[in-house]
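Trainee: Following this message is one structure expressed as structure tokens.
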Amino acid sequence: MDLKNMTHNEKIDLAFNPDTPDDTLRELATDKNDRVRRGVATNTNTPEDILGDLAKDVNYGVRRRVAINRHTPEDTLRDFAMGTSSSIRYHVAENPKSSIKILCIILDFEKSLKKPKIQVIRALYGNPKLPHIARIIIETLFGRI
């Protein structure tokens, strides 16, 4: 496949396509167009190592899509859980792949902030994996969400 002769829109379509081969996704993940990289980050068949690389992308939208992807590796979700972006923490809190440990890391991080982000707290509270004791802590500190 000759990616060099494709238009940006063709590359974007390819990046989002779950049938795109890994080697092509790997090449698209380094494309200069962030919309192409966002497509790769969104693709549910993107290999974990590529998602790990895209988690370090300079573009916020690419990183946010990695946080949403249900196949993002746990170590990447853990790194995002203590990151400076409340929006990315929110998406990690909603991600069904986030473990109980990651959810608790996010809760601890939010509790440590002067102004915790209520949308992150709500996402945590809405995650069915959140332990009951963590729900009690949220209700005690932040009231009923």
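Trainee: Out of all the residues in the stretch 85-92, is one or more surrounded by fewer than 20 Cβ atoms within 10 Å (Cβ to Cβ), out of contact with any helix residue (DSSP H, G or I) (no Cβ under 6 Å at 6 or more places or on another chain) and not assigned by TED's automatic domain parsing to the domain that holds P116?
Mentor: No, every residue in the stretch 85-92 fails to be surrounded by fewer than 20 Cβ atoms within 10 Å (Cβ to Cβ), out of contact with any helix residue (DSSP H, G or I) (no Cβ under 6 Å at 6 or more places or on another chain) and not assigned by TED's automatic domain parsing to the domain that holds P116.
Trainee: Any idea which of (1) in the same structural domain as M1 (by TED's automatic domain parsing); (2) of a type outside the set (F, W, Y); (3) more than 13 Å from the chain's Cα centre (by Cα); (4) under 30 Å from I138 (Cα atoms) is the one K111 doesn't satisfy?
Mentor: Status for K111: all satisfied but (1).
Trainee: Taking the stretch 54-74 only, how many residues are surrounded by fewer than 17 Cβ atoms within 10 Å (Cβ to Cβ) and within 24 Å of P21 (Cα to Cα)?
Mentor: Filtering the stretch 54-74 for residues surrounded by fewer than 17 Cβ atoms within 10 Å (Cβ to Cβ) gives 56, 58-61, 68, 70-71, 74.
Now restrict to residues that are within 24 Å of P21 (Cα to Cα): 56, 59, 61, 68, 70-71, 74.
Of the residues in that region, 7 qualify.
Trainee: Counting only residues that are within 17 Å of R70 (Cβ to Cβ), among the hydroxyl-bearing types (S, T, Y) and part of a helix (DSSP H, G or I), how many does the stretch 17-56 have?
Mentor: Looking only at that region, the number is 1.
Trainee: For D79, are the conditions met, namely being assigned by TED's automatic domain parsing to the domain that holds L113 and either in a helix (DSSP H, G or I) or under 21 Å from Q119 (Cβ atoms) (or both)?
Mentor: On the way: assigned by TED's automatic domain parsing to the domain that holds L113: yes; either in a helix (DSSP H, G or I) or under 21 Å from Q119 (Cβ atoms) (or both): yes.
For D79, the condition - assigned by TED's automatic domain parsing to the domain that holds L113 and either in a helix (DSSP H, G or I) or under 21 Å from Q119 (Cβ atoms) (or both) - is met.
Trainee: Right, here's the next one. Which helices (runs of 4 or more DSSP H) sit wholly inside the stretch 84-145 and have at least 2 residues that are touching a Cys at 6+ places or on another chain (Cβ under 7 Å) and at pLDDT 95 or above? Step through it out loud before you land on a result.
Mentor: Details: elements: 86-94, 100-112, 118-126, 132-142.
Of the helices (runs of 4 or more DSSP H) lying wholly inside the stretch 84-145, none has at least 2 residues that are touching a Cys at 6+ places or on another chain (Cβ under 7 Å) and at pLDDT 95 or above.
The values are calculated or read from the model by the stated rules, or taken from the named source; none is laboratory data. Bear in mind that the values here come from a model prediction, so they are computed numbers and not experimental data. All Cβ positions, glycine included, derive from the backbone under ideal geometry; neighbour counts span all protein chains shown.
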